[in-house]
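Student: Here's a structure for you.
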Amino acid sequence: MRIGIAVHGSQSAHRSVIRGILNYSTEHQCHWAFPQESKHQPNLDRQVVHLDPANYDGIIGIFWHEQDVERLRKSGIHCVNVFAHLSSATIPSFASNDFEVGRWIGEHFMEESIDQAYFYGPCKQLTGVEQIGRRRLEGFSAACLAAGVPPPQALPFKTDLPNNSKTSPFRSALRILKSALREKKNKRLGLLVFSDSLINESVPTMVEAGIRIPEELIVASVDDDSIFCNMVRPSVSSVSQDSEKIGYLAAKALDDLFHGNPVPLDPVLIPPLQLSVRKSSAPFETNDPHVQAALSAIRERLGQRLTVEDLLRATRVSRRKLELAFKNTLGCSPYRAILKSRINHSKLLLKNSNKTVETVAIESGFLSLTRFSQAFVRSEGIPPGSWRKAHTQETARN
């Protein structure tokens, strides 16, 4: 069988879809070939409309329009859709639960006590990639409203600027954010960027304009592409989609179609995988240089073993001076700040991953499960396992 894959292979989430397809075909010993248009330059960045039906028996790809489905099905080709949200159920469709993606980031922002939220990316229309942005914005809005924060504002987004344009596509959005910061002194804003591919045009532009991230504005994105997220300063927090599972299930559906087995026609929405917290949405803010240096050390070693002595080495001040600075700015000791960071990190792992409580304890910087459980109960009033169960049930109800 000749299988065509039509996704945006330049993006990490889409490469994971390809990985899931290949994993399924290998595990189930499918006799599948994956033809490329050029043997000398394999292309993983293809669109359904550009595939020649004569070259394939089945296609897994992003189907934005029903006419693309019909064109291929008339040629006897089995089709499976990934990522796109088709308006009618004519072929199996597997996509990320984009509402949950937006809500995860929104809930993370609420934990950092933002006062106003913004969204940057396509979201105005109900077709194409815009519908994905719309669903993420709706989930983001739900988290804001549940916390009593005004619904997020969609910032101006342009995709039609010429390649040689010297105008930043983020310029109009930047003006709105700067105006909001002037009006909302001592307030913290939150910005959800549609995907990691838009980080480079937005985050450096804001930093160059004097917006302090994360002190004034916290930022998070989608896809958790470590290259995109870490190539800018500060590094950007991001939610990863379970794209490999999407690809695996899509391959299974295509295999079932080949064998005449029943397949789901209702869209299958896959929950996001996890939220990676980086410096762009750090939990603390202060103007004290010694406290800021200490907090930077905490952020850089998030989830690792860290002591107050480590903070003293990072700040080069006496213990008494650092403790006094923390008390005056944050109302707590350096040790309590470290502990709060660990607990916040553990809550994100408990809620947004399937890792065991013991693994969460280790990855949150605790020496043992016992110490983690004791600290968690003192902070949240219930054991970590009970906390996870309560918040999982809450998510299910919503």
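Student: At what distance in nm do the modelled label points of Glu358 and Leu269 sit from each other, each positioned 7 Å from its Cα along Cα→Cβ?
Tutor: Using points 7 Å along Cα→Cβ, the separation is 3.6 nm.
Student: Here is a further query. In degrees, nearest 10, range 0 to 90: what is the angle between the Cα axis of helix 12-27 and the longest Cα principal axis of the chain?
Tutor: Relative to the chain, helix 12-27 is tipped by roughly 60 degrees.
Student: If all Cα-Cα distances of the stretch 1-91 are sorted into 5 Å bins from 0 onward, what percent lands in each bin, rounded to whole numbers?
Tutor: 3, 14, 25, 26, 21, 11, 2, 0
Student: Ranked highest first by the average count of other Cβ atoms within 10 Å around their residues, in what order do 244-251, 201-208 fall? Could you put the intermediate results ahead of the total?
Tutor: On the way: 244-251: 24.1, 201-208: 18.0.
In decreasing order of mean packing, 244-251, 201-208 become 244-251, 201-208.
Student: If you fit an axis through the alpha-carbon atoms of helix 334-352 and take the longest principal axis of the Cα set of the chain, what angle between them do you get, 0 to 90°, nearest 10?
Tutor: For 334-352 against the chain, the angle is about 20 degrees.
Student: Compute the semi-axes of the equivalent ellipsoid of the stretch 289-397, taking the square root of 5 times each eigenvalue of the Cα gyration tensor, and list them largest first in whole Å.
Tutor: Details: eigenvalues 165, 36, 28 Å².
That gives 29, 13, 12 Å for the three semi-axes.
Student: Please list 9-18, 48-57 highest first by mean number of surrounding beta-carbon atoms within 10 Å per residue.
Tutor: Taking the mean over residues of other Cβ atoms within 10 Å, the ranking is 9-18, 48-57.
Student: What ranking, highest mean first, results for peptides 97-105, 141-149 when packing means the other Cβ atoms within 10 Å averaged over each residue? List each step's numbers first, then the result.
Tutor: Values: 97-105: 24.3, 141-149: 16.8.
Most protected by this proxy first, the peptides run 97-105, 141-149.
Student: Another question about this same structure. Using only the alpha-carbon atoms, how far is helix 171-183 inclined from the longest principal axis of the chain? Give it as 0 to 90 degrees, nearest 10.
Tutor: 30 degrees
Student: Return the calculated 222 nm mean residue ellipticity for the chain, to the nearest 500 deg cm²/dmol, obtained by summing -39500 (n - 2.57) across DSSP H runs with n ≥ 4 and dividing by the residue count. If you can, show how the numbers build up before the last one.
Tutor: Numbers: 15 runs with 183 residues, N = 398.
Helix-only estimate at 222 nm: -14500 deg cm²/dmol.
Student: Which of Thr329, Thr359 has the fewest other C-beta atoms within 10 Å, and how do the rest follow up to the most? Walk me through the numbers before you get to the answer.
Tutor: On the way: Thr329 18, Thr359 13.
Ordered by Cβ neighbours within 10 Å, fewest first: Thr359, Thr329.
Student: Now for a different question. Give, in nm to one decimal, the length gained when the segment between Thr26 and Glu380 is fully stretched (0.36 nm per residue of separation minus the Cα-Cα distance).
Tutor: 122.9 nm
Student: About the Cα centre, and with charges only on the beta carbon of Lys, Arg (+1) and Asp, Glu (-1), how big is the dipole of the stretch 108-156? Nearest 20 debye, please. It would help to have the intermediate numbers written out before the result.
Tutor: On the way: 4 positive and 5 negative charges, 57 e Å.
Using Cβ point charges on Lys, Arg, Asp and Glu, the stretch 108-156 gives about 280 debye.
Student: Quick check: pseudo-label points 7 Å beyond the Cα along Cα→Cβ at Asp57 and Arg175, how many nm apart are they?
Tutor: 5.7 nm
Student: A further question on this structure: Using Cβ contacts closer than 10 Å as the measure, can you line up Phe228, Phe119, Phe34 from fewest to most?
Tutor: Phe34, Phe228, Phe119
Student: Also, quick follow-up: Sort largest first and round to whole Å: the equivalent ellipsoid semi-axes of the chain, each the square root of five times a Cα gyration tensor eigenvalue.
Tutor: Three semi-axes, in Å: 42, 25, 19.
Student: Moving on to the next point. Do any of Lys178/Lys347; Lys124/Lys187; Lys74/Lys245; Lys279/Lys347; Lys124/Lys178; Lys279/Lys321 go past 20 Å between their Cα atoms, and which? Spell out each step's value before the answer.
Tutor: Details: Lys178/Lys347 32 Å; Lys124/Lys187 28 Å; Lys74/Lys245 29 Å; Lys279/Lys347 17 Å; Lys124/Lys178 23 Å; Lys279/Lys321 25 Å.
Cα-Cα > 20 Å for Lys178/Lys347; Lys124/Lys187; Lys74/Lys245; Lys124/Lys178; Lys279/Lys321; rest within.
Student: Under a cut-off of 13 Å between alpha-carbon atoms, report the aspartates and glutamates in cross-link reach of Lys355, not counting same-chain residues fewer than 8 places apart.
Tutor: Within reach: Glu363.
Student: Taking a virtual spin label 7 Å from the Cα of Asp288 along the C-beta vector, which residues in the stretch 317-348 bring their backbone nitrogen under 15 Å of it?
Tutor: 317-338
Student: Grab the beta carbon distance between His50 and Lys321, set R0 = 51 Å, and tell me the FRET efficiency rounded to 0.05.
Tutor: 0.20
Student: So how do Arg212, Arg134 line up by other beta-carbon neighbours within 10 Å, fewest first?
Tutor: Arg212, Arg134
We did not get these values from a lab; they are worked out from the coordinates using the rules stated. Just so you know, these numbers come straight off a predicted model, no measurement behind them. All Cβ positions, glycine included, derive from the backbone under ideal geometry; neighbour counts span all protein chains shown.
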